[in-house]
1. Calculate, in whole percent, how much of the Cα-Cα pair population of the stretch 58-102 lies beyond 14 Å.
2. Compute from the Cα atoms of the stretch 108-236 the Rg and the Dmax, the latter being the longest Cα-Cα distance, and quote both in angstrom.
3. Given the rule -39500 (n - 2.57) for each run of at least 4 DSSP H residues, summed and divided by the residues of the chain, what is its mean residue ellipticity at 222 nm, to the nearest 500 deg cm²/dmol?
4. What is the distance, in nm, between label points placed 7 Å from the Cα along the Cα-to-Cβ direction at residue 201 and at residue 102?
5. If packing is taken as the average count of other Cβ atoms within 10 Å, what order do 7-18, 133-144, 189-200, 46-57 fall into, highest mean first?
6. For the chain, what is the number of Lys pairs with C-alpha distance below 20 angstrom, counting only pairs 8 or more positions apart or on separate chains?
7. When each pair of different Cα atoms in the chain is counted once in the 1/r mean, what is the Kirkwood radius in angstroms, to one decimal?
8. Quickly work out the residue 152-to-residue 80 label distance, labels modelled 7 Å from Cα along the C-beta direction, and quote it in nm with one decimal.
Amino acid sequence: MQSIPTAADTNRIASLVADVEHQICAAADAAGRSRDELTLIAASKTRAVPEIRAAGAAGIRHFGENYLQEGMDKLTECTDMQATWHFIGALQGNKTRPVAEHFDWVHTLDREKIARRLNGQCPEGKTLNVCLQVNIDADPHKAGVLPDQTKALLGACAPLERLNIRGLMTILHPDTEPAEGYGRLRELLDNLTSEAPEHWDSLSMGMSGDYPAAIAAGATHIRIGTALFGPRKPRQ
């Protein structure tokens, strides 16, 4: 049986979605950009299915999951929704098959080995959209290739026929000034254009606390959780 959101959850999340949309439009306008250039991904880790359904009812079509089993449970329960699912968490080699089979996007590719596993396990006829994760500020506690390693990873991944290498993704260190960090990722994307495949067009960057700066720097995908759903509940 489907988990149905309460009227209170539906109204609360609809109000939060409207507020975020207003801020996105304002940031896009200030940057001389169109709202249509931006994909809003609801970062839905630890969020219950009724909250996801309430977000869907408010117009959200893209959802990002960090934990594989939790994400798979939600995909299974939400098959009736018109949703695009993004894997935005750390990806281990022994968990690539269900991601390749069921998700539409992977934002956290940072190793050739994982790329080859995803490519080999992607179902026939499917192409998986992928962003390369870049540790733009060399944070020792975060995943991702360093900026000067990105070209080599791109070169290794580009020939893989079932991966559509779309662009770059980053998560900033808390001490990094957003405009600077996101500006460096945009510059890296531009510098790699001549090496990249056809659909090299995506910058996955920006979260609840800094997405206006990401939009100003050229983000195409922003990953927002708390601002859409409210304070995050502890993972059980």
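1. 47
2. Cα-based Rg and Dmax for the stretch 108-236 come out at 15.1, 45 Å.
3. Value at 222 nm, helices only: -11500 deg cm²/dmol.
4. Going from the residue 201 label point to the residue 102 one covers 2.9 nm.
5. 46-57, 133-144, 7-18, 189-200
6. Within the chain, the lysine pair count is 13.
7. Taking every pair of different Cα atoms in the chain, averaging 1/r and inverting gives 18.1 Å.
8. 5.0
Since every read-out is calculated from the coordinates, none of them should be taken as a lab result. Computed from a predicted model, the values in this text were never measured in an experiment. Note that we place each Cβ from the backbone using ideal geometry, even for glycine, and neighbour counts take in every protein chain shown.
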